[in-house]
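Beneath this line is the structure, given in structure tokens, with notes to follow.
The values are calculated or read from the model by the stated rules, or taken from the named source; none is laboratory data. Note that the coordinates shown come from a computational prediction; the quantities given were computed from them, not determined experimentally. Ideal geometry is used to build each Cβ from the backbone, glycine not excepted, and the neighbour counts take in all protein chains shown.
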Amino acid sequence: MSVSVNLKQLINAAAPYWAGEAEVFRRYWELPGRSRETDRRWLALQCSKEFWGSGLAPLDKGIFLGPAEELIAAFPRIDLELDRHAVLDIAEGLYAEFAHYCAFADAHDALALPGEAKLNPHALKTAWKEDLDLSTLRFAHKKENAKLGDRACRFTEGGYCTLFSEGMKLGESGQGPHARANALIAEACSKVYEDEFGHMLKGIIGLDAEGLTVEEWTTLERMALEQLRGRIYMRNAQFGAPLAGAALVRTLAGGADPIAFDYAKAGARLTG
Ligand SMILES: [Fe+2]
Ligand SMILES: [Fe+2]
């Protein structure tokens, strides 16, 4: 994968924030207060993100109805005004994000006690404060600069998949008080990981071809880092604030040991 100096700089700037998000999950897995109830809570909140989109889609349509309506609108225009692959992309996005909703909702429901209601997306429409803050920030960036705001949103989507990569590792332990929940979480995360790695790459592909000016790269980096800090607040609240005090301050200041971007995996996905 050939990457410009500017893009490398953006990736390097983002890497400590991706690591900060990963730190939230690692701390939560080991938290003494972790329980079936707290696992069900974060899983339900994750389902809300997978269905409603956290600022990546119109708030009232989410990433199900939004693309579904786009597909209907695309139908008469396929290969006349709209390339078939662009249409396939919309369909893929709808399928993938709904599959993610299903994966986490299945884990949530598998942890239910007899008589507890199954999840449904309409009961999850109200996101939590920090997730709404992230949506607001993303919409504000798109309003400030449509092209760069959209690029920043796509670049920060999924936060380098750290929830899914850290969640997948839970499957390796196999014992302890959370063994069953860990196995369910690992299974859901492994279903989502490859898709989201691809979605992140889609946010990166073509950035170098945009021919951004130095000022635009600076603006893009500022927007991306603001969103990545917003993601840490959002994740920390989703998981009941496992990061606090000095550790939280350090993480928000970009002080976590950066995650190494996997250029080999990215390159293989792009050419494979
Ligand atoms: Fe997703
Ligand atoms: Fe995605």
**OP:** Return yes or no: is Tyr193 touching a Ser or Thr at 6+ places or on another chain (Cβ under 7 Å) and within 16 Å of ligand 2 (Cβ to nearest atom)?
**Re:** yes
Subject >> Residue list for the range 209-240, restricted to those being within 27 Å of Glu30 (Cβ to Cβ), small (Gly, Ala, Ser) and either modelled with pLDDT under 95 or crowded, with 16+ Cβ neighbours inside 10 Å (or both) >> reply: Gly230, Ala237
**OP:** Could you check Lys118 against (1) of a type outside the set (A, V, I, L, M, F, W, C); (2) more than 16 Å from ligand 2 (Cβ to nearest atom); (3) loosely packed, with under 15 Cβ neighbours inside 10 Å; (4) within 22 Å of the chain's Cα centre (by Cα) and say which number it fails?
**Re:** (4)
Original post:
If you go through the range 167-185 one residue at a time, do you hit one that is at positive phi, touching a helix residue (DSSP H, G or I) at 6+ places or on another chain (Cβ under 8 Å) and crowded, with 19+ Cβ neighbours inside 10 Å?
Top reply: no
Subject >> Exclusive hit being within 16 Å of ligand 2 (Cβ to nearest atom) and aliphatic (A, V, I, L, M), set Met200, Met223 >> reply: Met200
Original post:
Which ones in the range 146-205 are among the hydroxyl-bearing types (Ser, Thr, Tyr) and more than 16 Å from ligand 1 (Cβ to nearest atom)?
Top reply: Ser173
Subject >> Meets criteria (within 16 Å of ligand 2 (Cβ to nearest atom) and surrounded by fewer than 21 Cβ atoms within 10 Å (Cβ to Cβ)) for Glu70 >> reply: yes
Original post:
Hey, does the range 153-162 have a residue that's in a helix (DSSP H, G or I), within 16 Å of ligand 2 (Cβ to nearest atom), of a type in the set (Val, Ile, Thr) and at pLDDT 95 or above?
Top reply: yes
Subject >> Qualifying residue in the range 41-57 (condition: surrounded by fewer than 15 Cβ atoms within 10 Å (Cβ to Cβ) and more than 16 Å from ligand 2 (Cβ to nearest atom)) >> reply: no
